[in-house]
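Down below is the structure, laid out as structure tokens.
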Amino acid sequence: MSDACKLAAGNWKMNGLRADLIEARALAESCAAMSCGVLLCPPATLISAMAEAVAGSKVMVGGQDCHANVSGAHTGDISAQMLADSGARYVILGHSERRADHAEQSADVAAKAQAAHSAGLVAIVCLGETEAERDAGQTLDVVLRQLRESLPEGAAAANTVIAYEPIWAIGTGRTPTLEQIAEVHDALRVNLPESAISLLYGGSVKPGNAAEIFAIANVDGALVGGASLKAADFGAIVAALDAA
Ligand code: PEP
């Protein structure tokens, strides 16, 4: 754990209906006494309702993507300003599923992060290698290049969080060794534009492995997919982070 702010961020991906807001309310109750940051990023359809459901609690709400422009002819897209207007305070950008499904490049991610900053949102910028890149010994090259190319001018601790998410660990139940996570986070820390930027680890974080991951020196929290959908699981991960 470094001096950067601790954050447990949940990514609901394309999951969740209004009935599932009960999980957000339960999380808000269970996290009331925690001092670390707690964030849920539901699908855009739920941002406004979730922000209302957890109003006055520790739980903050974020989006999962935004357009680089403020407004215009971009059917189906959502601007950073719209997310902020709906009650979001953060936005996940450059998730590997967006990079794969929508061919997002690091330059696109940097433009979106710039838009997020202009709208007053904190951008959670995701980086991570494929399994083939890890096997080829290219992990640090890939991740540090993504870091350089995905951050806009002015990225700082107040407006940016980095999430290291090895693509092969997302949703697979597989995780890197603690040494492998430490190696990447140590390299990221010394290459950040501001060393107090929070560094999250993401990829199959569960209640059972959270404490050992949060004990790594340069891990400031987690970006959690599947285990963020249920308040009991995510609450246990938040508690592990709070205790770290
Ligand atoms: C993610 O989607 O960012 C993620 C880390 O997913 P999971 O926790 O399910 O591996």
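Here are the numbers:
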read-out: Total residues in the range 120-175, condition outside any strand (DSSP E or B), in contact (Cβ under 8 Å) with a residue 60 or more places away in the chain and within 15 Å of R99 (Cα to Cα); value: 4
read-out: Residue that is nearest to A55 (Cα to Cα), among those in the range 1-21 that are without any contact (Cβ under 8 Å) to a residue 40 or more places away in the chain and not basic (K, R); value: L21
read-out: Lone unmet requirement of (1) part of a loop (DSSP other than H, G, I, E, B); (2) of a type outside the set (D, E); (3) in contact with a strand residue (DSSP E or B) (Cβ under 7 Å, 6 or more places away or on another chain) for A51; value: (1)
read-out: Options A80, A100, A51: the member that is over 15 Å from the mean Cα position of the chain (by Cα) and within 16 Å of the ligand (Cβ to nearest atom); value: A100
read-out: Filtered residue count, the range 72-105, keeping only those that are crowded, with 18+ Cβ neighbours inside 10 Å, under 21 Å from V143 (Cβ atoms) and of a type in the set (S, T, N, Q); value: 1
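Here, each number is a calculation from the coordinates, and none is a lab measurement. Computed from a predicted model, the values in this text were never measured in an experiment. No Cβ is skipped: glycine too gets one built from the backbone with ideal geometry, and neighbour counts run over all protein chains shown.
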